[in-house]
Structures are given as structure tokens and as C-alpha cells.
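Written out below as C-alpha cells is the structure these notes cover.
The values are calculated or read from the model by the stated rules, or taken from the named source; none is laboratory data. What you see is a predicted model, and the numbers here were worked out from it, not measured in a lab. Backbone-built Cβ (ideal geometry, glycine too); neighbour counts: all protein chains shown. Side chains included, ligands, DNA and RNA excluded: accessible areas come from the protein's heavy atoms. Shrake-Rupley method; radii C 1.70, N 1.55, O 1.52, S 1.80 Å.
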Amino acid sequence: MKIKPLGRTGVQVSELCFGTMSFGGDADEAGSAAMYKAARDAGINFFDSADEYNKGRSEEILGRLIKGHRENLILATKCHNPISEDVNARGTSRRHVARAVEASLKRLQTDRVEVLFLHRFDKLTPIDEAMRALEDLVRAGKIIYPAVSNWSAWQTQRALDIQERNNWARLQVTEPMYNLVKRQAEVEILPMAEANGIGVIAYSPGAAGLLSGKYSGAAGEGRLKANRMYQARYGEPWMYEVAEKYAAFCRQRGLHPVSTAVAWVGAHPAITAPIIGARNLEQLKASLDAVNVPMTPALRAEITELSRTPPPATDRLEEISPPKA
């Protein structure tokens, strides 16, 4: 397992980040412990959670698992999404962020987290207010590096500008969705992150299982078919067409589709670490094996050609596909 710098923090993290969304949900405590051990044995020191994951159980399980070696880990968690029926138990207000972090620290049984993500953009809270909430927590020593997840490039850049103007701790990490059929991040988010020296950990590298090779058109079973969120996210017919071409490509090359999908994401120059996760140990093994895929620039280019290239930010398609004479 290689290590990579996390943005401009000076911190070194594993080239894969382990996401604990399944802890306390699809994975019980024993299954979570087995996957955690496999991740640690493979050399992973970077773990990502969120207060909403299985109503806090993910953080609770992770908190128990890290005992005895907490100082060897880089922990990230998130807040924003509703965690109770209380109308104020959500969003990025200073009130909620402060309360959410206190609750996360208790569940994780630690005095601070290295990275705190604002999980979504909050339309009700001005960006400067949200950034002040992060600054308060940095000064209190409860978080070390501010971060955002699922924010657009302009929102992130606006936040950075506010922080720099006020001499506040700057955003150091962003967490977008990125995979072979969800490449919108290439247009502005990843270039913005590179320009600002922001670390990027990308979630859903396997497209919720779409790129695993087990789906064929309307056939197949799994969370992609059972979960309405994933149905909406990956429901367009062209995505299944890409997935089938990709699966055939991997079979021809003798590549595991899951390992290769993760390696493809990790090979983008702006990506610090893909976030891998699983429901069980058997699923996890393929993602961990991504570090052994020989993802050369040529191989990555071939895989990229299987998918749709998103239009440039200006929508001037002729700039990426010049008209033929």
C-alpha cells in the first residue's frame, strides 16, 4: 500500500480510504471488525464515516475498533444530514455543526477527528457562516482539517476565498462522487482541487456495484436494483451499456472489474484516494486488490474511452472534439 500526501496538510494517508457506511447496517459488529482488520492489515490508515451512517452505529463501531492504535489513524467524519426529527438537527448552521461534532466525538471515543466534512451544501446557511462553524471547531481542537463533500466547484472556491480573506483554516479535502459512469467531477471539481492543492477522496468508485459485472440491463440483483437512491443515480440506459462494455473489456484483459474500477479512479492525478467499502469481507477483497492493478496511462485511457466524456464547463464541445474538415 503506497502513501500519498493529503492536500497541503503534510499528512500522509494510504492510497485507499476505507468507508464505513456498512458498519452497523449491512455489516454487523463481527463483520465490521473483520473488514476493519483486513483494511488495517493491507496498510490502510485512512477511515471515513458520517454521523448519519446507520443512525450513528457506524461511528460507534469504528470507535470501538480503533482503541489502542488511534494515533496511527486518520479519521474523517461528516455532518449535515438529518439525524433526528428535530428541525434543527441538520444543515451546516454553527449550532448544528458544533452539536453534531460533539456527538460524533463521543461515538468515536476520541477527542478530535482529523477531517470533518460538511456532507452536503446547505442552501439555508450562508457559506461564511458554515466556514465560521468549521473555524470554531479548529480553534477548539476538535477537528484539524475542514472539508466538504458533494459541494460544487464554485461553492468550494467561494468557501476557500472566505477562509483566506478571514485568515481561517482552509478547506483541505473534498469528497465528490466519481467513477466511470459519473465523471462530472472531471469538469470543474477535480481541476479546482488541483489548482488549490486540495486533497480528493472519491466515493462510489464501483458505481454502487454497476461496474462489478453482475448487472446486465434490467437483470441482476443487489442494492442497485433495490435502493431507490441508486436507481435514480444509475438508472439511465447508457450507463448499463457502458457497464456491459466495461465488463467485457475486463474479461478480455483478465482484470477483475471491481479492482480495476477502483484503480481507474485512483489513477486520476487529482485523486488522493478512492473510498472503498463493502458489505462483507469477500466483497472487500476485490477493492483492496486495486493496488495490484497495473493501471498505466494507456490502460486508463482505453477504459475511459468506454464511457461518455462530460462536456466542458463552457459547453463548447468543439474544443474537445474539433469538427472534421
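Listing for the model above:
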read-out: Global form of segment 226-270, assessed from the alpha-carbon gyration tensor, a/c cut-off 1.5; value: oblate
read-out: Extension gain, Leu281 back to Arg64 (0.36 nm per residue minus Cα-Cα distance, nm); value: 76.3 nm
read-out: Karplus (6.51, -1.76, 1.60) ³J(HN,Hα), θ = phi - 60°, over segment 298-315, in Hz, Gly and Pro reported as x; value: 5, 5, 4, 5, 4, 5, 4, 5, 6, 10, 7, 8, x, x, x, 4, 7, 6
read-out: Long-range HN-HN contacts of Tyr145 with modeled amide H, under 5 Å; value: Val115, Leu116
read-out: q = 0.14 Å⁻¹: log10 I(q)/I(0) that the Debye formula gives for segment 225-325, counting C-alpha atoms only; value: -0.70
read-out: In Hz, Karplus ³J(HN,Hα) per residue of segment 242-249 (6.51, -1.76, 1.60; θ = phi - 60°; x = Gly, Pro); value: 4, 4, 5, 4, 5, 4, 5, 4
read-out: Accessible-area composition of segment 1-94, carbon plus sulfur, in percent [1.4 Å probe]; value: 49 percent
read-out: Compactness index (Cα Rg / 2.2 N^0.38 Å), segment 1-134; value: 1.07
read-out: Rounded accessible area per residue of the chain, 1.4 Å, Å²; value: 46 Å²
read-out: Residue among Ala34, Phe117, Thr92 farthest towards the positive dipole end of the chain, charges placed on Cβ; value: Ala34
read-out: Amide H contacts under 5 Å for Gly19, placed H, 5+ residues apart; value: Asp48, Ile276, Gly277
read-out: Candidates Ala267, Ala185, Ala301, ranked by Gaussian network fluctuation over the chain, Cα under 10 Å, top entry; value: Ala301
read-out: Student exercise, the chain dipole from Lys, Arg, Asp, Glu Cβ charges, in Debye to nearest 20; value: 320 debye
read-out: Evaluated at q = 0.16, 0.17, 0.25 Å⁻¹: base-10 log I(q)/I(0), Debye formula over Cα of segment 113-166; value: -0.43, -0.48, -1.05
read-out: Gain on full stretching of the segment that runs from Arg8 to Asn88 - 0.36 nm per residue minus C-alpha separation; value: 25.5 nm
read-out: Radius ratio Rg over Rh of the chain, counting only Cα atoms, Kirkwood formula for Rh; value: 0.96
read-out: Protein accessible area in segment 226-325, 1.4 Å probe - carbon and sulfur %; value: 53 percent
read-out: Projected area, mean over directions - segment 79-178, Cα convex hull, nm²; value: 6.3 nm²
read-out: Antiparallel bridge percentage (DSSP; both residues within the chain; nearest 5); value: 15 percent
read-out: Spin-label zone in segment 128-145 - amide nitrogen under 20 Å from a point set 7 Å from the Cα of Asp161 along the C-beta vector; value: 128-135
